[in-house]
Amino acid sequence: MNYLIISLITFISGVIGTGLGGAVGAVLKRESNKIVSLLLSFAAGIMLAVVCFDLMSEPLETMKEGLLPSYTPIIIVAAVVGGYAVVYVLNYFIDKATNHEVTHIDANHPATADDLDELIHSNHYETHKNSKSNLFVAGLVMMSAIALHNLPEGMVIGASYALTPDGVANLFSGSGFIMAIVIGLHNVPEGMAVSVPLISGGMGKIKAVLLTALSGLPTVFGALIGYALGGINEMMLTVSLGFASGAMLYVVFGELLPEAILMWKSKLPALSLFLGVLTGFLLVAF
Ligand SMILES: [Zn+2]
């Protein structure tokens with residue numbers, strides 16, 4: 001029963017959230033970089049707070065109750081490093097594949113240095129009018145990047161759910177539900193970032209929105225993995241929470257914040273991050 005409801009909640013958070021962003025992007029045709037920047041850094045702040053104040057520190061409480069060994073903090077750090085490293089390596093290969101694509105396309109359609117530059121930086125949410133095929137590729141690259149990072153985001157939701165005792169009432173409270181909402185909301189600007197280049201690149205609106213929604217599907221798989229692993233015993237829960245936390249920290253530090261600052265070079269994304277951390281703290285504290 002819990003698996004079914006968690007799948008449903010993460011489907012709404014992942015697929016509906018991202019798809020909604022895709023639809024907003026299709027209607028607006030272009031994203032407002034400044035608003036997307038603020039939304040992404042605010043969401044990054046909330047995620048950071050939930051990871052640090054809740055997910056990473058929860059096993060310490062269990063340790064104080066005597067249910068986990070005294071070296072638990074070392075296990076947590078090792079799991080966080082593992083999660084960070086796995087997403088880092090996966091991203092490295094995606095970047096490599098992307099650069100292949102750049103040279104391949106460049107060889108077929110001689111492009112200006114500007115075009116090439118645009119293509120290389122295409123995953124930084126930039127929208128340009130020239131060169132439709134470049135935009136199309138940018139949209140596809142964005143889509144695979146978002147799909148990949150949705151897997152650890154789903155794991156965070158699932159592992160957080162494993163923290164709370166079983167019972168349907170607990171599915172709609174606690175850190176699992178908070179993460180599902182926060183991740184669902186931040187999927188909206190991410191969905192916009194996928195559908196806008198796809199549509200500008202020539203794809204039909206409905207197809208683009210459906211493909212964008214599809215990139216949210218790994219959230220559901222991640223959640224099921226996180227929930228299953230976390231449910232085995234206290235130590236597995238600690239390891240999977242740590243792993244999901246590390247993966248999430250990569251998404252925050254390696255993707256969301258650099259993107260937010262690239263989109264709007266001002267002090268405001270930092271302020272938005274700061275407010276996000278405080279909001280996340282309040283969400284966890286109550
Ligand atoms: Zn995300």
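For the reader, a short list of remarks on this structure follows.
- Pick from region 203-258, criterion of a type in the set (A, V, I, L, M, F, W, C) and not in a helix (DSSP H, G or I), ranking: modelled with the highest pLDDT: LEU217
- Residue list for region 53-70, restricted to those being hydrophobic (A, V, I, L, M, F, W, C) and touching a residue at least 60 places away in the same chain (Cβ under 8 Å): PHE53, LEU55, MET56, LEU67, LEU68
- Search result, residues across region 50-85 that are within 16 Å of the ligand (Cβ to nearest atom), hydrophobic (A, V, I, L, M, F, W, C) and either within 14 Å of LEU256 (Cα to Cα) or at pLDDT 85 or above (or both): VAL51
- Where a residue in region 218-240 is under 20 Å from ILE5 (Cβ atoms) and its partner, wherever it lies, is of a type in the set (Phe, Trp, Tyr) and assigned to a helix (DSSP H, G or I), with Cβ under 6 Å and at least six apart: VAL220/PHE11; TYR227/TYR161
- Between SER173, SER144, SER195, SER200, the distinction of being surrounded by fewer than 23 Cβ atoms within 10 Å (Cβ to Cβ) and under 14 Å from THR18 (Cα atoms) belongs to SER144 only.
- Looking across region 69-97, the residues that are buried (at least 21 other Cβ atoms within 10 Å of the Cβ) and either over 25 Å from the mean Cα position of the chain (by Cα) or not small (Gly, Ala, Ser) (or both) come down to ILE76, VAL80, TYR84, VAL87.
- First in region 174-199 and within 18 Å of GLU259 (Cα to Cα) and in a helix (DSSP H, G or I), second anywhere and within 13 Å of the ligand (Cβ to nearest atom) and of a type in the set (D, E, K, R), Cβ under 7 Å, 6 or more apart: ILE183/GLU153
The values are calculated or read from the model by the stated rules, or taken from the named source; none is laboratory data. If you're wondering where the values come from, they're calculated on a predicted model, not measured in any experiment. So basically every Cβ, Gly included, is an ideal-geometry build from the backbone, and we count neighbours across all protein chains shown.
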